[in-house]
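Notes for the one structure printed next.
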Amino acid sequence: QVQLVESGGGLVQAGGSLTLSCAASGSTFSINAMGWSRQAPGKQRELVATITRGGVTNYADSVKGRFTIARDNAKNTVSLQMDSLKPEDTAVYYCNAGRFPFLVGSGRLGEYWGQGTQVTVSS
């Protein structure tokens, strides 16, 4: 089993930046891909960024050019740097990890989830 704990959410004005962090523990040797998903009120959960163990990244069009995902395999952490934030980025953000690869748009998600952290962007 893998446990994921997120941190770094909060309230920010439009145009501002936030960095989310996620620490993995447990059977971390089994993790292949990691990513970040988000869920806004009344909307489906959306995978916005993924990164493989080798560092290959993948982004949803809605965040491409504004968000950057990074991973430290030695520390078992993944981060999401969010710049030029917009009110429509407001959501609960979840760290996601899986034993098998998953990509934005593939319809697949990792089997491990964090508890989520709230990001609110004010206009």
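Express the accessible area of the stretch 3-49 per residue in Å², computed with a 1.4 Å probe while the remaining protein chains stay in the model.
Working: 2270 Å² over 47 residues.
It amounts to 48 Å² per residue over the stretch 3-49.
Roughly to the nearest percent, how much of the accessible area of the chain is carbon and sulfur, given a 1.4 Å probe? Don't skip to the end; give the middle numbers.
Details: 3120 of 6130 Å².
Solvent-exposed carbon and sulfur of the chain make up 51 percent of the total.
If Rh is defined by the Kirkwood formula over all Cα pairs and Rg also comes from Cα, what ratio Rg/Rh do you get for the stretch 38-109? Show your work: numbers first, answer last.
Details: Rg = 12.2 Å, Rh = 12.9 Å.
On the Cα set of the stretch 38-109, Rg over Rh gives 0.94.
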So, counting K/R as plus one and D/E as minus one, what does the shell of residues with Cβ under 10 Å around A14 add up to?
-> -1
What is the distance in Å between the Cα centres of the stretch 9-70 and the stretch 85-119?
-> 6
Note, T117: beta-carbon cut-off 11 Å, +1 each Lys/Arg, -1 each Asp/Glu, net 0
For the chain, go through all pairs of different Cα atoms, get the mean of 1/r, take its inverse, and jot down that Kirkwood value in Å.
-> 14.1
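The values are calculated or read from the model by the stated rules, or taken from the named source; none is laboratory data. The structure presented is a predicted model; accordingly, all values stated were derived computationally and were not measured. Cβ atoms come from the backbone with ideal geometry, glycine included; neighbour counts cover every protein chain shown. What goes into the accessible areas is simple: the full protein's heavy atoms, side chains included, and nothing from ligands, DNA or RNA. Shrake-Rupley method; radii C 1.70, N 1.55, O 1.52, S 1.80 Å.
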